[in-house]
């Protein structure tokens, strides 16, 4: 009874992982059928069923996030600072034609889920290909589908125009990053007055056509190669419409593998709020993060963190690209541990995880897996037609 009560207090992703480890695949389905929202269950299944695909994000952007919503004054710089590091994103004016006249105009800072997905896509391409030239697509619609947005509309508030606006905001900004040496041995560095792309002048080029390739600035690209944090593309796809979940996922993906003590690290809720750029009241922020961790734990079940108390505890965890359920917090409660199949001295495999075809239920069916970004789109470069 005590064991079941303990498990019920865990985030859903951890509950599903423990059910899979201790009792097998049917118990995961039984547990999920008692939940109102099956999206977390479906996300857990997909991360377990699909091979991880590497994606990357700069460590500073994992530790300090963009605004989740449009700021009251979006022409002001974004400044994130907490002791040893700081991030400043300054929206620089760009030359535009308004009513037939050339004017300098600030587009404002980027916000929401679109610029987060664009950043992960562009930086992943650059890191994996060791090239600052990032191929987007033959046209804007193709690029959006590569990003995983399968419904593309071009109305005034359509997805294409919303994404264009955020891309223009993102790449018009000037970035400054400062990082002091910390206890984990992360070297100090400073990057000043850098644009992600020095050559970007809007979603359309001078001839009114889609800019099919973006070149990252050389300074930022060289710095990115040294400070790229691995993520799982499958998880990014599942979170792509949830900016706060993306922020918490990338923050944990950066911090947890770097925790170097078995007792874990403690941070305050105020510190976490600074990292995630949250300005709402403390009680509301805590509730939001606890609910968000339900979602994140499904796509990163090895993430060992505790958001239930008056402080936040972070424990050493495998990187999110580790597919096996190996986190220490998932080994605390065991009833029937899965025995690995051993070939010689090597562990070949464990009991297979549930698949969409294995778990059939009229009340709860996994949704169809759509291939787009990030699932596989970064694996094979299509080349420029």
- Note on the structure: Computed Rg/Rh for the range 255-331 (Cα atoms; Rh = Kirkwood radius) stands at 0.97
- Item | Sites residue 73 and residue 30, calculated FRET efficiency, Cβ-Cβ separation with R0 51 Å, nearest 0.05 | 0.55
- Mean-position separation - Cα centroids, the range 212-240 and the range 245-275, in angstrom: 20
- Task: Mind giving me the FRET efficiency for residue 9 and residue 104? R0 is 45 Å, r the Cβ-Cβ distance, nearest 0.05 is fine.
- Result: 0.25
- Peptide ranges 236-244, 216-224 listed from the most packed, as the mean C-beta count within 10 angstrom indicates: 236-244, 216-224
- Message: If packing is taken as the average number of other Cβ atoms within 10 Å across a peptide's residues, how do 289-300, 147-158, 96-107, 265-276 rank, most packed first?
- Response: 289-300, 265-276, 147-158, 96-107
- Could you work out how far the C-alpha centroid of the range 152-168 sits from that of the range 119-133, in angstrom? 23
- Query: So, in nm, how far is label residue 210 from label residue 290 when the simple model puts each one 7 Å beyond its Cα toward the Cβ?
  - Reply: 4.5
- Message: Can you classify the range 53-322 as rounded, prolate or oblate using the Cα gyration tensor, where a ≥ b ≥ c are the square roots of its eigenvalues, rounded means a/c under 1.5, and otherwise it's prolate if a/b beats b/c and oblate if not?
- Response: prolate
- Item | Between the range 303-327 and the range 21-75, the Cα center-to-center distance that results, in Å | 13
- Peptides ranked, highest mean first, by Cβ atoms within 10 Å: ranges 123-136, 67-80: 123-136, 67-80
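Computed from the coordinates by the stated procedures, all read-outs in this text should not be read as laboratory data. As the structure is a computational prediction, the values presented were derived from the model and not from experiment. Glycine also receives a Cβ, built like all others from the backbone with ideal geometry; neighbour counts cover every protein chain displayed.
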